[in-house]
1. Would you confirm whether any residue within segment 438-446 is under 21 Å from the mean Cα position of the chain (by Cα) and among the acidic types (D, E)?
2. Conditions first: (1) modelled with pLDDT of 95 or more; (2) in a loop (DSSP other than H, G, I, E, B); (3) charged (D, E, K, R). R37 passes all but one, so which condition is the exception?
3. Might you let me know whether segment 220-232 holds any residue that is free of Cβ contacts under 8 Å to residues at least 40 places away in the same chain and buried (at least 16 other Cβ atoms within 10 Å of the Cβ)?
4. Would you point out which residue out of D58, D90 is acidic (D, E), within 23 Å of R618 (Cα to Cα) and at pLDDT below 95?
5. Would you mind telling me which numbered condition in (1) on the phi < 0 side of the Ramachandran plot; (2) in contact with a strand residue (DSSP E or B) (Cβ under 8 Å, 6 or more places away or on another chain) L141 fails?
6. Are there any pairs, at least 6 apart or on different chains, whose C-beta atoms fall under 6 Å, with the first in segment 540-568 and of a type outside the set (S, T, Y) and the second surrounded by fewer than 13 Cβ atoms within 10 Å (Cβ to Cβ), and if so, which?
7. I want to confirm something. Restricting to segment 233-251 and keeping residues that are in a loop (DSSP other than H, G, I, E, B) and polar (S, T, N, Q), which single residue is nearest to A128 (Cα to Cα)?
Amino acid sequence: MRARALFAALLVTLATAQAPAQARQAPPPDGRYLVGRGIADATGEVADVGMMGYGRLDQQAEGLHNRLRARSFVIAEPHGGERVLLVVVDSPMIFSSVHQAVLRRLAEYYGDLYTERNVLLTGTHTHAGPGGYSHHLLYNLTTLGFHRKTFDAIVDGIVESVRRAHQDLAPGSLTLSHAELTTASVNRSRQAFDRNPAAERAFFPDAIDPQTSLLRVEREGTPVGAINWFATHNTSMSGDNRLVSADNKGYAAYHWEREVAGADYREGEPGFVSAFAQTNAGDMSPNLDLRPPTTPEDFAATREIGLRQYEAAASQLNTRGRRMSGGIDSRLVYIDMSDVEVLPEFTGDGRPHRTCEPAVGAAMAAGSTEDGPAFPTFAEGSNPLWDTVSGSVLYTASPRLRDCQAPKGVVVPIGAMNAVYPWVARRVPVQLVRIGGLYLIGIPGEVTIAAGLRLRRTVARIVGADVRDVLVAGYSNGYFHYVTTPQEYDAQHYEGGSTLFGRWQLPALRQTAAELATALRDGRELRPGQPPADLSRNQLSPQPPVLLDTPMPGTAFGDVLTQPSPSYPPGSRVRVTFSGAHPSNDLRRGGTYLEVQRREGQGWRTVADDGDWSTIFRFTRTGPTTSEITVTWDVPASAKGTYRVRYHGDARDALGRVRSFTGTSTQFQVNR
């Protein structure tokens with residue numbers, strides 16, 4: 001009886017293990033999928049909020065250059081098969097706070113249709129976005145705590161874009177293509193990169209990852225959307241910039257959608273939707289001269305690097321590419337990065353090792369000197385004082401932490417601080433998504449190109465894919481700083497100092513990626529494990545809200561303080577100043593703070609708003625409760641006719657009531 005029972009159980013096990021694999025390998029043989037596209041505003045606060053990325057307390061937002069967008073793509077097998085949701089957000093990072101909130105909201109609308117397993121949220125990593133939306137304290141220090149309005153705007157924008165993509169589902173085809181772009185990135189840590197094995201250096205002969213990949217969406221032979229992946233930091237806007245901006249990747253998307261395809265963000269239909277996502281951009285800088293950008297030159301640099309990414313992506317529309325066919329699938333697990341036992345086959349030295357509690361290195365405190373330095377008393381590489389202090393303290397306090405983090409000069413043992421208050425994430429998601437022959441490895445951090453190559457090769461070997469078709473989706477579903485190879489880690493440049501969980505962090509991620517790839521290949525489900533704790537009720541928000549607005553003396557809200565000139569030639573800049581109120585009274589998500597309008601017959605038509613590259617909305621405090629709003633518009637070469645500028649504001653009175661108002665400039669002519 002025992003033998004028969006064992007044999008029967010074995011048959012059941014084999015049947016249940018093979019059935020999912022067969023079901024997911026079958027569809028769709030003709031390369032047809034259901035695809036939906038959606039785009040929505042996810043901007044957040046644009047004044048009196050710390051900006052995220054450079055870690056500078058003085059970088060408080062003072063206005064808006066262009067709105068931040070969430071772009072969503074639902075890709076599904078027909079007839080109720082598997083699906084995945086890809087969301088690319090013009091955001092510095094996707095923290096676990098956002099990941100959790102979005103999943104909860106999607107569950108309210110769609111039940112178990114969109115889950116942690118098949119939803120990939122990724123940020124473009126602009127350093128010109130508002131911060132204060134993490135639930136971990138380290139990232140809210142320079143933003144003076146948690147900012148509920150910014151958090152809600154990001155979550156609401158993502159969810160709105162998903163709902164639009166879900167409603168847009170229709171038959172379509174997917175084509176994957178690859179090209180090279182060598183003029184939009186440079187390795188900012190070349191000495192660290194050069195420590196890697198010769199085979200990896202040979203794969204990247206210029207020490208950059210030039211691969212630009214495009215997944216284009218077509219309906220009846222017409223392109224209606226595209227996702228591009230290319231590795232370069234979204235740091236063309238400088239740390240001295242005070243305007244919220246989507247930076248170079250945001251400009252690439254805006255240019256394709258708005259300036260080329262003619263999409264109108266003010267309309268409900270998505271039009272052409274293009275997302276420019278990150279890959280392994282950890283050591284890739286857009287500042288080709290290896291100097292931090294400066295203001296106002298950063299506007300031109302942002303446009304140029306964005307334009308190069310657009311051109312490399314758009315040129316692939318004319319290439320044959322690879323028509324996607326085959327199934328849709330995904331896997332996700334949560335791992336405690338502070339305590340992963342890494343097997344010898346992944347460590348590289350033939351011995352097992354463990355990751356450890358997170359620690360900040362001196363090189364992290366120094367910042368990236370090529371994109372934006374931080375504290376002046378620290379340096380990338382050797383820090384003799386801190387190395388000595390770190391070694392002495394850790395030798396006594398925690399030999400295991402010392403050995404795991406070596407040769408890092410530990411400045412802040414931030415893992416120990418987590419016991420008092422949650423400073424950084426320890427439990428993080430790692431994900432693998434399959435779309436036909438494309439594989440995306442979702443990593444919640446900034447992966448260097450060599451570290452990315454090791455992850456890509458690990459997955460490619462298991463699933464039998466070309467390494468070009470396996471991409472690292474960095475900045476996805478959470479954030480835990482950097483991922484370097486052990487060799488790069490030893491150099492202790494900024495990236496190594498920011499690899500929080502020690503020298504064996506990448507091997508631990510490769511081991512996890514291998515587990516995901518094996519399960520996906522075999523059609524085997526994985527238990528996701530314990531997700532991060534929900535910290536939403538444990539937030540500090542010390543920055544006071546807006547209490548009162550009063551107009552400039554002798555004026556009413558919306559009055560024009562500085563009128564435009566009577567006429568302008570194309571290529572000039574129009575400037576209008578209004579008596580204003582604080583923009584945080586109403587973020588106008590999905591709307592606009594400004595309009596540039598052209599007279600058409602007896603009416604007016606809006607030709608630009610605060611989401612356009614040509615406009616700037618700047619907030620200036622002139623007193624405790626008074627403020628000025630300055631609107632500028634760069635007149636396009638094609639402009640001609642009669643124009644005016646409008647400002648839409650919202651003022652808070654002493655009783656806390658908020659009243660909307662509008663100011664309108666005098667008319668002016670544009671003559672060619």
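1. yes
2. (2) is the only condition that R37 fails.
3. In the first step, residues of segment 220-232 are kept if they are free of Cβ contacts under 8 Å to residues at least 40 places away in the same chain; the result is 220-222.
Filter again for buried (at least 16 other Cβ atoms within 10 Å of the Cβ), leaving none.
There is no residue in segment 220-232 that is free of Cβ contacts under 8 Å to residues at least 40 places away in the same chain and buried (at least 16 other Cβ atoms within 10 Å of the Cβ).
4. Working: D90 fails: at pLDDT below 95.
The conditions single out D58.
5. (2)
6. Once the first residue is of a type outside the set (S, T, Y) and sits in segment 540-568, its partners that are surrounded by fewer than 13 Cβ atoms within 10 Å (Cβ to Cβ) give L548/A654; G558/T662; Q563/T666.
7. Taking segment 233-251 as the starting set, the residues that turn out to be in a loop (DSSP other than H, G, I, E, B) are 233-243, 245-246.
Narrowing further to those that are polar (S, T, N, Q): 234-236, 238, 241, 245.
On the way: N234: 9, T235: 8, S236: 9, S238: 8, N241: 7, S245: 5 Å.
My answer is S245.
To keep it simple, each residue is scored yes or no on (1) over 21 Å from the mean Cα position of the chain (by Cα); (2) over 29 Å from Q487 (Cα atoms); (3) surrounded by fewer than 24 Cβ atoms within 10 Å (Cβ to Cβ).
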position: A277; (1), (2), (3): no, no, no
position: D289; (1), (2), (3): yes, no, yes
position: R323; (1), (2), (3): yes, yes, yes
position: G326; (1), (2), (3): yes, yes, yes
position: C356; (1), (2), (3): yes, no, no
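The values are calculated or read from the model by the stated rules, or taken from the named source; none is laboratory data. In this text the structure is predicted, and so the values were computed from the model without any measurement. All Cβ positions, glycine included, derive from the backbone under ideal geometry; neighbour counts span all protein chains shown.
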